[in-house]
Amino acid sequence: GAGVSQSPRYKVAKRGQDVALRCDPISGHVSLFWYQQALGQGPEFLTYFQNEAQLDKSGLPSDRFFAERPEGSVSTLKIQRTQQEDSAVYLCASSLARYWGQAGELFFGEGSRLTVL
Amino acid sequence: AQRVTQPEKLLSVFKGAPVELKCNYSYSGSPELFWYVQYSRQRLQLLLRHISRESIKGFTADLNKGETSFHLKKPFAQEEDSAMYYCALRGSRLTFGEGTQLTVNP
């Protein structure tokens, strides 16, 4: 596809369940980012990959959050034992820039809206 | 630490009126600032960046290091400008403000 693709678009989970959110970046994009956007807030940085290497995971809110990009393309954000405060839209973005310092324009997916009951 | 502040959550103007969306930042290094926009039912996308000093869809933004501001301006707002606007700062990461919902009334 031409853009960043995320799935599922909507996910409802019961508190305590594990969820996995998938991101297909634009082909050839080296850099990949995950953001969390709570209702009425701006996107908050979670983690950054350069190819398969996770260079910055300082934004992950707890050890229940885990992200991977094993082959340097598709990425998965996993949330274990979901809590109500995890309810948010999770945005994935990719960039052609090889280094974070050059990543001017980020191309965003439509997001995965997670609701934890 | 880096921080972006957009003081107005909501902004409403009439078509043809000037519009200014405010953005202030704090960052100890040399900042790079961006404006991203999200139209209804569309994904977040880049509107403009201060480095290129360009005008996109009639919008401009000037980086004022003295006032640590990067306000977005347009002299004559159009209805199609109605959207959510986010100011973003690239330091050690790309940090977004909370956004301003702009509504342009006919």
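The values are calculated or read from the model by the stated rules, or taken from the named source; none is laboratory data. As the structure is a computational prediction, the values presented were derived from the model and not from experiment. Neighbour counts run over all protein chains shown; Cβ positions are idealised from the backbone, glycine included. Please note that ligands, DNA and RNA were not included when accessible areas were found on the heavy atoms of the full protein model with its side chains. Shrake-Rupley method; radii C 1.70, N 1.55, O 1.52, S 1.80 Å.
Pairs, please: C-beta under 8 Å, at least 6 apart or cross-chain, first residue away from chain A (no Cβ under 12 Å) and in region B:1-23, second among the hydrophobic types (A, V, I, L, M, F, W, C) and open to solvent by 70 Å² or more (accessible area, probe 1.4 Å)?
B:Gly16/B:Phe76; B:Ala17/B:Phe76; B:Pro18/B:Phe76
Give me a count of the residues in region A:39-58 that are at the interface with another protein chain (Cβ under 10 Å from one of its Cβ atoms), open to solvent by 20 Å² or more (accessible area, probe 1.4 Å) and part of a loop (DSSP other than H, G, I, E, B).
3
Considering only region B:9-42, how many residues are part of a loop (DSSP other than H, G, I, E, B) and under 16 Å from the mean Cα position of the chain (by Cα)?
The total comes to 6.
Could you check region B:65-85 and list, in sequence order, the residues that are within 14 Å of chain A (Cβ to nearest Cβ) and open to solvent by 10 Å² or more (accessible area, probe 1.4 Å)?
The answer is B:Met84, and nothing else.
So, of the residues in region B:91-105 that are under 15 Å from B:Trp35 (Cα atoms) and assigned to a strand (DSSP E or B), which turns out to be most open to solvent (accessible area, probe 1.4 Å)?
Looking at the filtered set, the residue picked out is B:Gln101.
Against the condition open to solvent by less than 30 Å² (accessible area, probe 1.4 Å) and closer than 21 Å to B:Arg93 by Cβ, how does A:Phe66 come out, does it pass?
no
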